[in-house]
Amino acid sequence: MTLASLRRVVARLRALVSSSRADRELERELAAHVALAEEDFVRRGLPPAEARAAAERLVRPDRARELHRETRSFPWLEDLRRDVPYALRGLRRTPTFAAAAIVTLGLGLGAATAVFSVVHAVALEPLRYSPHSDRLVRLRAHLPADPVSGAPARSNFVLMTPADLEVVRERARLVSHVALISASVMGLAGHDDAARIGAVRASASVFPLLDTPPLAGRVLGRSDEANAADVVVIGHQLWQRYFAGDPAIVGREIELDSVLGVRARRPYTVAGVMPERFASGLTRQIWLPMPADGRGVLLARLAEGATPAAALAELDPIVRELGDHGPDVRYELAGEHDELVRPVRPALRMLSVAAGLLLLIACVNVTNLLLARGLARGHEMAMRRALGASRGRLVRQALAESTIVSAAAAALGVALAFAGVRLLHALVEREMRMDLVGQIAFPRLGEVAVDGPALAVAVGLAVLTGLLVGAIPALRASSATDVHDRTVTRGGRVQAGLAAAQVALATALLVAGGLVLSGFARLVGAETGYHAGGVVTFQVSLPADRYPDDRLLAFAETLAERLRGLPAVQAAAYANQLPLVALRDTAGGLWRTPDPARRGAPGGADARYVSHDYLGVLGVRVLEGRGLDRGDGAGKPRVLLVNRALAAREFAGESPVGQRVYVGRDTEPWTVVGVVDDVRQYALERPAEPQFFMDLRQWQGGMPLFPGGAYFALRTEAGVDALLPDIGAAVREIEPAASLFHVASMDQLVDQAISVPRLYVVVLALFAIVGLTLALVGLYGVLAYGVVQRHREIGVRMALGAARRQVVALILRDGWRMTAAGVAIGLVVAAAFARTLESLLYGVPPLDAVTYAVVAFGLGLVATLAAFVPARRATKIDPAITLRCE
Amino acid sequence: MSSGDRVELLQGTLDLIVLRALATMGPLHAYALAARIEQVADQALSLNQGTLYPALVRLEQKGWIAGDWQRTENNREAKYYGITRAGRKALEAETARWRRLAGLVDKLLLGEQ
């Protein structure tokens, strides 16, 4: 049967298109039919004229035409062909309504499309660097808190050696591929801004695991690993930026500096180039073979059909034995995509809900507009019903109108979404510095675009909203049956309810926006412990082979001297890291007693090696005792400073100044000479860590001096651009082969640290303002309309002696009723869901009374203002005119 | 025949009746078809001849009948409809279904007594 039905559908569509031909065929057939009937009647004895009439009565050609037309194609589509031009004409006649409806709905659809683009690109779309990205996992270990050393519970990725990897590969069946990866940093010689590039040392098995073929050349293979060959595979971005996409790069040699660990510059042969999508979610641009004595994180691809739980169960005993871990260590297989998206999931949820609220407000707003419009045409509708139009027909016509509006709105919305995504790219720094932590990164930002799926969602939402928005007004308008009823008093309550609903939704949005804004203010206002203004920072990369550690120190001091001589520079200092730089160095921790056999404790205080004027340049306050000064050089008594957090932890109750302390396994004492303010070393939202500061000239050796390169800080009023040439000249004067990089003011670094929270605030504020505006306009609209409806009632009141202000109060009361109901509901809804925002609030309580109160009062105030205009208009009604009007 | 005794036809059943008539009588034009149906039903059917057209459209669109312009014996042109092979198969299947349905309705309506 279905073949026949299919044939029918096709035939119906064809008839829809060529309806005039179908009509001609029908006429021919009907004419023949009537002629045959007529012939018969004549044969039976009727005179010709009567025979003709009888034939027509028998055949009823007009009825036949009607039925034929209904059956041969899709009647509702035919109706649509007529409804659409009719609706367009109607909209053109009322351009303000059309514009208002399209813009309103366009804003809502635009917001929804833009947010969907983001959610899709970040969370829904699988990572593109491997066709199996949904089955890639890393092995993680969770260690419980240690009551002995005071270390908190923490989790790390499990590190393994290549030998361990072989064991795992042999014994694990539920993972099809395993590999080791180790993040690293390298410098590309010859380019200033290439001094720090993300690199990966990986076992050769990583490329079959990821299963992405190279764009040019080849990937790393087993022989590269076995021979510890100096080959690299480079990423697309690196290739384009520094080698202009030259295909001849394969086989050429490039010089790379190893930045971490033993510093050296070596030539490497480029074996291949990876395609652009290989960087999706990854930021690494250089891939090297892992040395035999290296260690890395275990990356695995689950076998076809294997679940993470089953694979974990299989791996658990193998890994536990290899790592000699106790029974209290718990393992986890963390999915790659999941790990990447997890930090931003709350924010994505918040953005989706906010966009949804805005779209709802827009829909309710347009529904009200359509309601008013429909009610005004009630008379016309009743007339058409009386003339025989079915209710369904009228409803379909009204829906055609609302669908056209939503289609136009969708076009506007998509344009807005494009602009929104561009704004997103502009607001969030894409080139993240690798050395900084506390950058709340937005993963896969570069992949966000208004593409196919987003457009499909836009179209789908447009169709849905078109129907949704048009449904109630269409049903109400078509229910008009009394042709004589010219007064349009129905619908007031529905409109009021919808206006209150808009206010409720806007309230919820405003509360969310207010809370996030408070959280952001708390984040930005946090005491950093240093003065970020007027400090310019940079790093210098020196040829690794010619600069061992002690020469590095000499270079740093020479450069600092030279920079102090610059007129714009007030002070110059250097250290092994800056605030917000992600380097943790415990140097064995700070202790009250010596112990040559001491083992490292994970929760130990952070060590900072600084030049003597560093704390002054950064504006860190000395709270007790003194800071470091020129006198604390090599060979002099060993002194250090502790910060407030460390003082509170180790020296509770007493003054640390003058006390003897020991660092790591060193049995020589240090003397604490001062206490300084807490510096927010890591993310702005984390509390300060316990730290101690030592002068670089008293550096004891034992570990790399400037891992990643020395950081220089200059106190100056001049900006980065003004100083850059002078700094560059000074650097190259001392060492022509040096390169200058990561030049930024401390302000810029702090700014970058907050760029993503700031993004959330901006977006949410934007949505909230638009939502509020729409709600206010909706409120105004309903009140203004009400005034028009009730102009006779108001006229009567005024004729009976009502004062102007009583009329104003009448309208205002209506407005307050709607606002109060809306605000009350909105606050309750917001309170119910505010807990989900917690991670974005940086300590502000989700039920912060101040925010809620401000929103409630603010909205009440603004709504009153919005109600004033129609209220005043009401007082202009001349009772003499209204009473005479009929 | 008073109109009270005339029975209104359901949409689907008219299609079936037309198919049957064409299967039995061979190709017919609309007028002859209407006459044939009235004849068989012994005037008990209320059939406005125009109501044949939707049935003809449906059947032709489904491919169960095919229309062709021919000349009658009086040399008038008329569109003759003939049943197709697919139509014959459909007629069989639909007739069987109708019989099953009629039997069931019969049982349900009258069996209770």
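The values are calculated or read from the model by the stated rules, or taken from the named source; none is laboratory data. All figures in this text were calculated on a predicted structure; none of them were measured in a lab. Quick reminder, even Gly has a Cβ in these numbers, built from the backbone with ideal geometry, and neighbours come from all protein chains shown. Heads up: the accessible areas ignore ligands, DNA and RNA and are worked out on the full protein's heavy atoms, side chains in. Shrake-Rupley method; radii C 1.70, N 1.55, O 1.52, S 1.80 Å.
Summary table
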item: Centre separation in Å (Cα based) which lies between the stretch A:1-55 and the stretch A:808-880; result: 66 Å
item: Radius of gyration and maximum dimension Dmax of the protein assembly as shown, Cα, Å; result: 41.4, 140
item: Helix A:48-59 vs. chain A, principal-axis angle (Cα, 0 to 90°, nearest 10); result: 40 degrees
item: Cβ-based net charge around residue B:98, under 14 Å, with every Lys or Arg adding one and every Asp or Glu removing one; result: 0
item: Degrees, to the nearest 10: A:549-564 long Cα axis against longest axis of chain A; result: 70 degrees
item: Extension reserve of the residue A:862-residue A:732 stretch, reckoned as 0.36 nm per residue once the Cα distance is removed; result: 40.7 nm
item: Carbon + sulfur, % of accessible area of the stretch A:695-809 - ligands and nucleic acids excluded, 1.4 Å; result: 61 percent
item: Heavy-atom accessible area ranking, 1.4 Å probe, most first, across A:623, A:523, A:369; result: A:623, A:369, A:523
item: Linear extension gain, residue A:380 paired with residue A:277, 0.36 nm per residue minus alpha-carbon span; result: 31.1 nm
item: Relative contact order %, the stretch A:539-674, counting alpha carbon pairs below 8 Å whose residues are six or more apart; result: 26 percent
item: Solvent-accessible area buried by A and B, counting both chains, probe 1.4 angstrom, square angstrom; result: 2500 Å²
item: Sequence-distant residues sharing a close amide H with residue B:29 (under 5 Å, placed H); result: B:81
item: Acute angle (nearest 10 degrees) that the helix A:2-17 long axis makes with the longest principal axis of chain A, alpha-carbon atoms; result: 70 degrees
item: Global geometry of the stretch A:659-771, whether rounded, prolate or oblate, following the gyration tensor of its Cα atoms and the 1.5 cut on a/c; result: oblate
item: Within the stretch A:73-156, chymotrypsin sites (Phe, Trp or Tyr not before Pro) in DSSP loop having at most 15 other beta-carbon neighbours inside 10 Å; result: none
item: Surrounding net charge for residue A:298, when Lys and Arg each add one and Asp and Glu each subtract one, Cβ distance under 11 Å; result: +3
item: Simple spin-label estimate for residue A:829 and residue A:561 in nanometres, 7 Å along Cα-Cβ; result: 7.0 nm
item: Cα→Cβ-extended label distance, 7 Å offset, between residue A:654 and residue A:246, nm; result: 6.7 nm
item: The stretch A:353-394-the stretch A:708-776 distance, computed between alpha-carbon centres (Å); result: 52 Å
item: Between the stretch A:145-208 and the stretch A:76-95, the alpha-carbon center distance in angstrom; result: 64 Å
item: Residue B:100-residue A:493 pseudo-label distance in nm [points 7 Å out on the Cα-to-Cβ vector]; result: 5.2 nm
item: Relative contact order computed over chain A (Cα-Cα under 8 Å; 6+ residues apart), in percent; result: 15 percent
item: Protein-protein interface of the stretch A:60-83, residues with accessible area decrease of at least 10 Å², isolated chain reference, 1.4 Å probe; result: A:60, A:63, A:64, A:67, A:68, A:71, A:72
item: Threshold 20 Å² - residues in the stretch A:36-51 whose accessible area is reduced by that much or more when the chain is no longer isolated, probe 1.4 Å; result: A:36, A:39, A:40
item: Fraction of accessible area attributable to carbon and sulfur, the stretch A:487-585 (%, probe 1.4 Å); result: 59 percent
item: Accessible area (Å², per residue) of the stretch A:1-72, counting only protein heavy atoms and a probe of 1.4 Å; result: 61 Å²
item: Within chain A, helix-based [θ] at 222 nm, where runs of 4 or more DSSP H residues each add -39,500 (n - 2.57), nearest 500; result: -17000 deg cm²/dmol
item: Solvent exposure, largest accessible area first (probe 1.4 Å, DNA, RNA and ligands not counted), of B:107, B:62, A:636, B:79; result: B:107, A:636, B:62, B:79
item: Surrounding net charge for residue A:671, when Lys and Arg each add one and Asp and Glu each subtract one, Cβ distance under 10 Å; result: +2
item: Full-stretch length increase - residue A:881, residue A:53 - with 0.36 nm per residue and alpha-carbon distance subtracted; result: 292.1 nm
item: Whole-number percent relative contact order across the stretch A:174-304, with pairs defined as alpha carbons under 8 Å at least 6 apart; result: 39 percent
item: Å² per residue, accessible surface of the stretch A:803-886 at 1.4 Å; result: 59 Å²
